[in-house]
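J.: Got a structure here, written out as structure tokens. Questions coming.
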């Protein structure tokens with residue numbers, strides 16, 4: 001498991017790349033969700 | 001020809017039913033894609049594990065162009081025949097497209113750092129992607145600058161169509177310019193004979209991102225329809 | 001379409017979420033002045049812009065008699081401050097004396113004819129804009145509150161010219177509050193709520 | 001209102017506004033003068049083409065800022081839209097007058113630029129020809145953005161933001177010309193590209209601009 005996490009020494013780059021991707025996708029979902037609740041709230 | 005209002009009445013529930021399908025498809029395909037890419041795909045001879053960034057970098061690059069293509073289709077329909085759905089679709093797509101372009105640039109530089117030793121190289125692909133990001137920002141800026149929704153959609157459609165004519169020319173001129181000044185880029189991971197495992201991982205991730213886009217865009221368009229009905 | 005310059009059928013226009021008018025129909029026969037009345041913001045200017053084609057309405061259709069041409073004069077004068085009245089008018093009619101005649105008929109003193117328009121007062125600039133009506137042979141005039149900022153003398157000149165225009169078959173659509181001082185038979189009124 | 005009369009009208013107007021018309025030229029000269037101050041003399045000839053083109057790009061886009069803004073504010077654009085003459089030919093005339101008033105002076109400033117940057121005359125001629133080939137499509141591209149951002153607040157910056165990414169090919173093709181010329185290669189290929197772009201934008205540009213004006217006016 002440990003060797004998987006290390007990613008052959010490139011862990012920082014690989015995991016930050018996947019991390020940023022997840023973050024940006026999640027942010028988009030969040031903004032849409034906020035807009036959605038704003039319109040149905042009143 | 002369906003009257004404007006009816007097309008909205010049909011679209012709204014249809015989009016509602018399709019949304020969960022796209023949402024789940026995004027999640028499942030994503031999980032499979034990650035599993036394939038991170039576990040099953042073999043280590044690359046040249047780059048070791050670092051090449052696995054490709055499984056988010058390349059699909060994001062495809063998405064940044066695919067979304068622009070979809071926006072161009074919406075833009076043409078808006079200019080030829082005013083359709084409310086296309087207007088909402090176009091205005092809502094630009095931010096998702098910009099996000100994927102931004103992702104391509106960030107993952108590209110994260111991949112470039114171990115390979116080239118620097119975070120950024122004016123390589124043909126990255127440069128064209130950067131220009132595409134600025135085109136997206138221009139589209140978002142124009143859309144926000146016009147208060148009235150319908151007029152904003154028409155102005156953005158015109159800019160999108162003009163942009164779509166220019167994008168191939170931009171790609172060509174950047175490629176020509178960089179070959180004059182830069183060494184060939186290393187993005188041809190594993191050359192043309194890409195390992196089948198890698199290819200399936202790539203396709204799974206691309207399909208997952210596409211479903212993500214359609215899930216989000218249908219959701220956004222429904223919100224716009226509801227907002228304008230009040 | 002015989003005898004009609006413009007036919008408007010069931011047009012509707014909403015600005016944002018506010019519907020200005022809907023299901024509005026009327027037509028403009030030859031030799032008639034249609035006065036559009038209504039309080040500020042009721043959509044008089046928008047209606048004029050729809051008829052002239054600057055704006056397109058969401059519903060309904062506007063039929064123009066293709067063989068004629070029309071002149072639109074809006075709130076803004078559409079004249080260039082750096083150029084003189086003559087130079088502004090020469091765009092619409094190349095002959096100098098025709099332009100000079102038009103400026104005289106609207107009552108602009110000779111000394112103003114060659115000086116840049118930014119030196120003129122608002123009323124004088126309005127005269128330069130309206131003098132185009134003495135220059136063009138347009139069948140239909142579309143005028144947006146032409147009489148505000150005009151002195152009595154100029155109003156009379158305009159009314160006289162309007163009467164001459166309608167007597168030989170021309171028409172006009174005028175958005176204006178105050179009653180027009182021409183024979184009642186020619187006028188048709190349209191009030192927008 | 002016929003295109004030829006409108007062309008004379010625009011030229012006369014630009015002549016009367018010569019103080020404003022000269023501003024982009026001053027901007028062009030000032031920015032050009034900054035680089036020789038800060039760079040060592042030996043680097044200037046190699047920097048010259050890129051600096052010239054980027055500065056010309058910015059001054060032209062600056063000049064386009066009020067291309068339609070003034071006509072929107074004084075109601076003149078409505079008259080253009082409603083005139084019997086085809087709007088695209090009127091727009092073409094206006095762009096031609098704009099090119100003469102704003103872009104031609106940049107060519108007149110070229111000898112001074114050659115002096116500052118120690119550019120030999122034959123390179124200067126190549127630079128001038130790349131400017132002549134590239135500026136029409138740049139002007140038309142910028143005019144499309146000017147039409148779309150005519151009535152808007154922050155229109156000037158918006159115009160820059162929209163046009164610059166789309167103008168990169170013009171910049172790169174022109175600099176390829178000067179690059180190849182400097183290395184003694186034949187630069188016909190990029191020149192043909194610029195020419196093709198100029199022809200396409202000259203024919204399609206006015207149509208797109210008139211459609212954009214109708215959108216921003218409606």
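The values are calculated or read from the model by the stated rules, or taken from the named source; none is laboratory data. Worth saying up front: this structure is predicted, and the values here are computed from it rather than measured. A quick note on method: Cβ atoms are made from the backbone with ideal geometry, for glycine too, and the neighbour counts reach across all protein chains shown.
J.: Working only within the stretch D:104-116, note down all residues that are buried (at least 16 other Cβ atoms within 10 Å of the Cβ) and closer than 24 Å to residue D:186 by Cβ.
T.: Scanning the stretch D:104-116 gives D:110, D:114.
J.: Looking at C:95, C:84, which is the one that is under 22 Å from residue D:5 (Cβ atoms) and in contact with a helix residue (DSSP H, G or I) (Cβ under 8 Å, 6 or more places away or on another chain)?
T.: Unique residue meeting the criteria: C:84.
Conditions tested, residue by residue: (1) closer than 17 Å to residue B:31 by Cα; (2) in a helix (DSSP H, G or I); (3) at pLDDT below 90.
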site: A:3; (1), (2), (3): no, yes, yes
site: A:9; (1), (2), (3): no, no, yes
site: A:12; (1), (2), (3): no, yes, yes
site: A:16; (1), (2), (3): no, yes, no
site: A:20; (1), (2), (3): yes, yes, no
site: A:26; (1), (2), (3): yes, yes, no
site: A:32; (1), (2), (3): no, yes, no
site: A:38; (1), (2), (3): no, yes, yes
site: A:42; (1), (2), (3): no, no, yes
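J.: Scan the stretch D:42-75 residue by residue and report those that are farther than 30 Å from residue D:176 by Cβ and surrounded by 20 or more Cβ atoms within 10 Å (Cβ to Cβ).
T.: D:68, D:71, D:72
Every residue, every condition in (1) out of contact with any strand residue (DSSP E or B) (no Cβ under 7 Å at 6 or more places or on another chain); (2) crowded, with 19+ Cβ neighbours inside 10 Å; (3) not assigned by TED's automatic domain parsing to the domain that holds residue C:105, yes or no:
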site: C:42; (1), (2), (3): yes, no, yes
site: C:48; (1), (2), (3): no, yes, yes
site: C:53; (1), (2), (3): yes, no, yes
site: C:89; (1), (2), (3): yes, yes, no
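J.: (1) modelled with pLDDT under 95; (2) at the interface with another protein chain (Cβ under 9 Å from one of its Cβ atoms): which one isn't true of residue B:138, the others all being true?
T.: With respect to (1) modelled with pLDDT under 95; (2) at the interface with another protein chain (Cβ under 9 Å from one of its Cβ atoms), residue B:138 is out only on (1).
J.: Being within 14 Å of residue B:168 (Cβ to Cβ) and without any contact (Cβ under 8 Å) to a residue 60 or more places away in the chain is the filter; apply it to the stretch B:118-134 and report the residue that is farthest from the other protein chains (Cβ to nearest Cβ).
T.: Restricting to residues being within 14 Å of residue B:168 (Cβ to Cβ) and without any contact (Cβ under 8 Å) to a residue 60 or more places away in the chain, the top hit is B:128.
J.: Taking the stretch D:187-208 only, how many residues are farther than 28 Å from residue D:90 by Cα, in contact (Cβ under 8 Å) with a residue 60 or more places away in the chain and within 10 Å of chain B (Cβ to nearest Cβ)?
T.: Summing the residues that are farther than 28 Å from residue D:90 by Cα, in contact (Cβ under 8 Å) with a residue 60 or more places away in the chain and within 10 Å of chain B (Cβ to nearest Cβ) in the stretch D:187-208 gives 0.
J.: Exactly one of these conditions fails for residue D:170: (1) away from chain B (no Cβ under 14 Å); (2) in contact with a helix residue (DSSP H, G or I) (Cβ under 7 Å, 6 or more places away or on another chain). Give me its number.
T.: Against the list (1) away from chain B (no Cβ under 14 Å); (2) in contact with a helix residue (DSSP H, G or I) (Cβ under 7 Å, 6 or more places away or on another chain), residue D:170 comes up short only on (1).
J.: Right, another one. Kindly state which helices (runs of 4 or more DSSP H) lie completely within the stretch D:1-84 and contain at least 3 residues that are within 26 Å of residue D:213 (Cβ to Cβ) and more than 9 Å from chain C (Cβ to nearest Cβ).
T.: D:3-16, D:18-38, D:44-63
J.: Could you figure out which of (1) buried (at least 24 other Cβ atoms within 10 Å of the Cβ); (2) modelled with pLDDT under 95 isn't true of residue B:100?
T.: So residue B:100 meets the others, but not (2).
J.: Among the strands (runs of 3 or more DSSP E) contained in the stretch C:1-104, which hold 3 or more residues that are under 16 Å from the mean Cα position of the chain (by Cα)?
T.: C:33-37, C:70-73
J.: Give the stretch B:146-168 a look and list any residue that's within 7 Å of another protein chain (Cβ to nearest Cβ) and surrounded by fewer than 20 Cβ atoms within 10 Å (Cβ to Cβ), or say none.
T.: Answer for the stretch B:146-168, where residues must be within 7 Å of another protein chain (Cβ to nearest Cβ) and surrounded by fewer than 20 Cβ atoms within 10 Å (Cβ to Cβ): B:148, B:151.
J.: Any residue in the stretch C:176-189 that is free of Cβ contacts under 8 Å to residues at least 12 places away in the same chain sitting within a Cβ distance under 6 Å of a residue that is surrounded by fewer than 15 Cβ atoms within 10 Å (Cβ to Cβ)? List the pairs, counting only those 6 or more apart or interchain.
T.: none
J.: Looking only at residues in the stretch C:72-87 that are crowded, with 21+ Cβ neighbours inside 10 Å and touching a strand residue (DSSP E or B) at 6+ places or on another chain (Cβ under 7 Å), which one is farthest from the other protein chains (Cβ to nearest Cβ)?
T.: C:73
J.: Here is a list of conditions, (1) more than 8 Å from chain B (Cβ to nearest Cβ); (2) closer than 24 Å to residue D:80 by Cα, and residue D:218 meets all of them except one; can you say which number that is?
T.: It is condition (1) that residue D:218 fails.
J.: Which of the following residues is within 21 Å of residue B:131 (Cβ to Cβ) and modelled with pLDDT of 85 or more: B:178, B:200, B:210?
T.: Answer to the selection: B:178.
J.: Please find, within the stretch B:73-85, the residue that is modelled with the highest pLDDT out of those that are more than 11 Å from residue B:160 (Cβ to Cβ) and assigned to a helix (DSSP H, G or I).
T.: If we take residues in the stretch B:73-85 being more than 11 Å from residue B:160 (Cβ to Cβ) and assigned to a helix (DSSP H, G or I), then B:77 is modelled with the highest pLDDT.
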